[in-house]
Amino acid sequence: MRATVIHAPHDIRVEEVPDPAIRLPTDAVVRVLKACICGSDLWAYRGESARQPGQRIGHEFLGVVEETGAGVDGFTVGDLVVAPFVWSDGTCAYCADGLTTSCPEGGFWGSVGSDGGQGEAVRVPHADGTLVKLPAAAASDDRLLTALLALSDVLGTGHHAALGAGVTKGSTVAVVGDGAVGLCGVLAAKRLGAERVIALGRHTARTDIARRFGATDVVAERGEAALAAVRELTRGEGAHSVIEAVGTEQSMRTALDIVRDGGSIGYVGVPHGSASGVDLGVMFDRNIALRGGVAPVRTYIPDLLPDVLDGTIDPSPVFDLSIGLDEVPAGYRAMDGRTALKVLITP
């Protein structure tokens, strides 16, 4: 089959690789219908996170079950399924607690020795604990299928950030980051009942989506000017909840600056850089809570799925460029150059 591999920074290729095959009774093989490029993939692309030459890449996909191992009970050939970005066994103590990303038997697509999502097919370990079945009719609805793909990562990650930030009905929420995760954080905050959602971003195409997702205000300023703008919008107090969806020292400092005393920050931006931007003294003095991390998306899919299916929420606008598998290297260049927000791949 063809799949995306990374050889070195800025060297992404689509190559012939071995077809996936059942190795263990709990495996399934899924033929990919939709995949995409994640902002976190760019850290490997830019050389800021290590990868072995020839390693697979990509962790978001949905598709059709092609084959199952003898131990798979919940799926049959032909089922339409979505995969969260981490596989998990669904039976351990962490999975029972909803923390599927800490499953001892779990792993990330594209890790050494595993298939990546940006290819024609994927071997899925622990299929029963990992995959979620989708209605078969969705396969013929391209917009819905694209919206459902967001369940594999960005929608669940935005939801995780909103939960970490303690978003409640009637609250004021600020979102730092105008990437796909930040925009899904806007969508998640609105879904949870936030009355006011302040999106921080400078790119009109992205903040237009934020407004479509429920943002009531947009702050385009940066630094001290952004802090002043948020304070002005919140009677000088700051937001009850802040979603941090970037992962830099500056973005975390901004989050701390704009959160209300006694408020909470939900952080899901993949950390990069030498410092965190977290000042425990400031957090202590102002009673600020900080909660987040890698999102246990598998836990959230059953809750979010019905709202995507009935159109209550539609994350599909975050995909603003659609390409074929052979065009994946160009898709990475587009996202790296910020000419695309999130690239959809149809193998």
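Structural remarks
- Percent of alpha-carbon pairs separated by more than 16 Å within segment 297-344: 53 percent
- Cα→Cβ-extended label distance, 7 Å offset, between Asp208 and His272, nm: 2.7 nm
- Compactness index (Cα Rg / 2.2 N^0.38 Å), segment 256-347: 1.50
- The chain - accessible surface per residue (Å², probe 1.4 Å): 41 Å²
- Sulfur and carbon atoms: percent of accessible area, segment 209-347 [1.4 Å]: 49 percent
- Radius 13 Å from Cβ of Arg286, net charge of other residues (Lys, Arg +1; Asp, Glu -1): -4
- Helix 297-309 vs. the chain, principal-axis angle (Cα, 0 to 90°, nearest 10): 90 degrees
- Helix axis angle, 204-213 relative to the chain longest principal axis, alpha carbon, degrees: 90 degrees
- Pairs from Lys34/Lys190; Lys34/Lys133; Lys190/Lys342 whose Cα-Cα separation, in the structure shown, is over 23 Å: Lys34/Lys190
- Rg/Rg_globular for segment 138-220, with Rg_globular taken as 2.2 N^0.38 Å and Rg from C-alpha atoms: 1.07
- Qualifying trypsin sites (Lys or Arg not before Pro) in segment 180-254, where qualification requires a DSSP coil assignment and no more than 16 other C-beta atoms within 10 Å, comprise Arg202, Arg222, Arg235.
- Percent RCO, i.e. relative contact order, over the chain, from Cα pairs under 8 Å lying at least 6 residues apart: 18 percent
- Value of [θ]222 nm, deg cm²/dmol, for the chain, DSSP H segments ≥ 4, -39500 (n - 2.57) each, nearest 500: -8500 deg cm²/dmol
- Accessible surface of segment 8-151 [probe 1.4 Å, protein heavy atoms]: carbon and sulfur percent: 51 percent
- Relative compactness, the chain, computed as alpha-carbon Rg over 2.2 N^0.38 Å: 0.97
- Modelled this way, with points 7 Å down the Cα-to-C-beta line, the labels at Arg291 and Arg333 are 4.5 nm from one another.
The values are calculated or read from the model by the stated rules, or taken from the named source; none is laboratory data. As the structure is a prediction and not an experimental result, all values here were calculated from the model. Every residue, glycine as well, gets a Cβ built from its backbone with ideal geometry; the counts of neighbours run over all protein chains shown. Note: areas computed on protein heavy atoms with side chains; ligands, DNA, RNA excluded. Shrake-Rupley method; radii C 1.70, N 1.55, O 1.52, S 1.80 Å.
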